[in-house]
Amino acid sequence: MLLYNLRLAWKSVLRHPALSGLIVAGIALGVAVSTSFVTIWHVLAADPIPGKSDRLYYVRVNAWGAPEPYDEEGNPPDLLTWQDMRRLLGASDIPVRQTATFKALAYVRPQERGQRPFQESLRLTTADFFPMFQAPFRYGSGWDRAADAKPEAVAVIGSDLNERLFGGRDSVGSTLRLNDRDFKIVGVLAPWRPKVRHYDLEGNPYEEPEQVFLPLTHFPAMSMELSGTRNSWRVEPGGMLETLGSSEMTWVQMWVELGSPADERAYHSFLDNYAREQKKLGRFPQAINNRLSTVLELMEEWQVVPRQAKALAAISALFLVIAALNLIGLFLGKFLARSSVVGVRRALGASRGAIFAQHLVECEVVALIGGVLGLLLSLGVLALVNRMYQPAGVEETFFELDPPMMLAALGFALLAGAIAGVYPSWRICAIAPAHHLKNQ
Amino acid sequence: MLEMHNVTKIYRTGLVETRALRDFTLTVDSGEFVTITGPSGSGKTTFLNVAGLLDGFEQGIYKLDGVDVSRLTDRQMSRIRNEKIGFIFQSFNLIPDLDVADNVDVPLRYRGLSAKDRKERIERAVGMVGLTSRLRHLPSQLSGGQQQRVAIARVLAGDPKLILADEPTGNLDSGMAREIMELLEQINEAGTSIIMVTHNPEHAARAHRQLHIADGRIVDMERIAPMPLNRIVAHPSAARA
């Protein structure tokens, strides 16, 4: 019967092209708007590292030494000091993996003649960074933990830099000269573009990953400029590198990968014990307030997804509902206009349910046509949004319709069809058949 | 086939009540051909609507083929309409979007028959009314008489026990009306009960029994011809077999 109803629906669409077109346009508009804005929200709020985001924890300890709290909400500082990071990293064997990371700038000096030095963003980190954040390798691999300890002069480079310096060939074993030091390339990343830079949600989390990764233990010995956020509760005495081991400047991010909720509790206790030790040493004057946050929790807390995006998605969904409600009258008028045909069908044995199903199928067919059109329109809207509001630092298309969103768009259309169609379908089937026939 | 006892049908419009049928009592036997005449507003169409389960009634008892229909659900009544009753209307009531075959197919769809069974029934019914060559024509491409024959084919395909015809010749010229009456008589001769509302005295006189309705009641009943004994109990399908 469904195929029969689909055939009847199609005939009805063709019989009233203007009216059908009007309804299709209404639904297409609603679907286009809702799909576009929900896609924006969906892209921004999507789990950036699915399957693992609930095991990666961002580490914060309350090292804030001022009498007043770090912020009004009572949160611990967003970042760690170098000294705390050095004491915490590797001090516990509870995490499966652990890493610290921060951004800096340095000059790349190409080996090829004729190529000029250029400034490049670096990420200083540890060996565990790559498996923790699932960085994909094209050639070679990350360095091992021993390279962190020494530190060894090794580097991992991104695919863009590999293309620029080595023409895209396997450059593992080649030398990368940064400022005045040489590093042996041990790995080349495959093109890697998480929509949200999940390993560093500070600053602009939509930036592309850096092109050079070095063991962070090189930092004290290298002259490089930090490029991330820095905060301190006091005026630091002396230069950064000279006071690195005692500085209260916070600028390092630390992540741990924990295998279970029990591990989370255990690691939290470990952090609290560390804070108690520091208190004995005269640091950490405020109440113990350490924090372990998963990737998604941190995204929520730091409002990585702008509130406007969520609000717009909700408003656009409301727009779809309003568009659908406005179509009720059109469907009702269309159905009542052929009341006599309904009467004939009822006389010939169609039950109320059969008439309801026939008309609802018609609404859904029209809605699906509108949905497909709306999907195409939303591609245009997203292209416009990409052109106008692409996040800074993003070169490729940022807001894209993925298959789940395409299915969602068709779902929106079916929902709109149901909202617009249920009442008219019920109304037409509820009328006594004799009444329909009398209306001829 | 049809038994109505003291059936009352009331239409209410605001505070106004109109008794369209008043203590209406009628029995129609299997295989009988009954015509109903009466002035406009006398309750003829209301009777057909109630008899055809297209409209309810307030009081009385109505049994169709031995089944008390007063407490049936919509689904049950729809099933009875689909399987036991055939309707023929004055304005043919073909569905304009559908061609002849698809129009005849409508009741068969709601019966849930297989595609093969439906096809056989459609071809046989359309053949019986002589329109095999017009299977893919739309109603708008047919004359009035042809459209009514399609409506009759739609009834024949469903193989009902009772046909309710509301002025089936009302929109036709005399020649076509005669053809339709002959077709109805053939169907009746095959054993199907027919109740036909008509304004044409000549057509009314061709039935076994002629009723005259006024003010929602039967005011006159005339048996014109005895019904052949072999059709009193026989069902159409049995008669055709």
- Message: Please count how many residues of the stretch A:189-226 are surrounded by fewer than 16 Cβ atoms within 10 Å (Cβ to Cβ) and polar (S, T, N, Q).
- Response: 2
- Message: If I go through the stretch A:231-276 residue by residue, how many of them are free of Cβ contacts under 8 Å to residues at least 12 places away in the same chain and assigned to a helix (DSSP H, G or I)?
- Response: 5
- Checking A:Lys150, A:Lys184 in turn, the sole residue that is among the charged types (D, E, K, R), within 30 Å of A:Leu241 (Cβ to Cβ), over 26 Å from the mean Cα position of the chain (by Cα) and modelled with pLDDT of 95 or more turns out to be A:Lys184
- Message: Looking only at the stretch B:105-121, count every residue that is at the interface with chain A (Cβ under 10 Å from one of its Cβ atoms) and closer than 21 Å to B:Thr132 by Cα and tell me the total.
- Response: 5
- What number of residues within the stretch B:65-80 are touching a residue at least 12 places away in the same chain (Cβ under 8 Å), out of contact with any strand residue (DSSP E or B) (no Cβ under 8 Å at 6 or more places or on another chain) and assigned to a helix (DSSP H, G or I)? 2
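Can you tell me which residue in the stretch B:123-147 is farthest from A:Val344 (Cα to Cα), limited to those that are within 14 Å of chain A (Cβ to nearest Cβ) and surrounded by 18 or more Cβ atoms within 10 Å (Cβ to Cβ)?
B:Ala125
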- Residue set A:Leu360, A:Leu281, A:Leu318, A:Leu330; condition touching a helix residue (DSSP H, G or I) at 6+ places or on another chain (Cβ under 6 Å), away from chain B (no Cβ under 14 Å) and surrounded by fewer than 19 Cβ atoms within 10 Å (Cβ to Cβ); output residue A:Leu330
- Condition met for A:Leu336 (touching a Leu at 6+ places or on another chain (Cβ under 8 Å) and either over 20 Å from A:Leu407 (Cβ atoms) or acidic (Asp, Glu) (or both)): no
- Task: Sort out which residues of the stretch B:82-102 are out of contact with any Phe, Trp or Tyr (no Cβ under 9 Å at 6 or more places or on another chain), facing chain A (nearest Cβ under 9 Å) and either among the β-branched types (Val, Ile, Thr) or within 15 Å of A:Arg338 (Cβ to Cβ) (or both), and write them in order of number.
- Result: B:Ile85, B:Ser91, B:Leu94, B:Ile95, B:Pro96, B:Asp97, B:Leu98
- Residues being closer than 30 Å to A:Ser260 by Cβ and assigned to a helix (DSSP H, G or I) - total across the stretch A:25-58: 3
- Give the residue, chosen from B:Val104, B:Val50, that is within 29 Å of B:Arg206 (Cβ to Cβ) and modelled with pLDDT of 95 or more. B:Val104
- Out of all the residues in the stretch B:48-62, is one or more β-branched (Val, Ile, Thr), outside any helix (DSSP H, G or I), over 25 Å from A:Leu6 (Cα atoms) and within 13 Å of chain A (Cβ to nearest Cβ)? no
- Selection from the stretch A:13-58 of residues that are closer than 30 Å to A:Trp255 by Cβ and free of Cβ contacts under 8 Å to residues at least 40 places away in the same chain: A:Pro50, A:Gly51
- Only unsatisfied item for A:Ala28, checking (1) on the phi < 0 side of the Ramachandran plot; (2) surrounded by fewer than 20 Cβ atoms within 10 Å (Cβ to Cβ), is (2)
- Return a yes/no flag: does the stretch A:413-429 have any residue that is more than 30 Å from the chain's Cα centre (by Cα), surrounded by fewer than 18 Cβ atoms within 10 Å (Cβ to Cβ) and within 14 Å of chain B (Cβ to nearest Cβ). yes
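The values are calculated or read from the model by the stated rules, or taken from the named source; none is laboratory data. Treat the numbers as computed from the prediction; the structure is a model and nothing was measured. For neighbour counting, all protein chains shown are included, and Cβ atoms are generated from backbone atoms with ideal geometry for every residue, glycine included.
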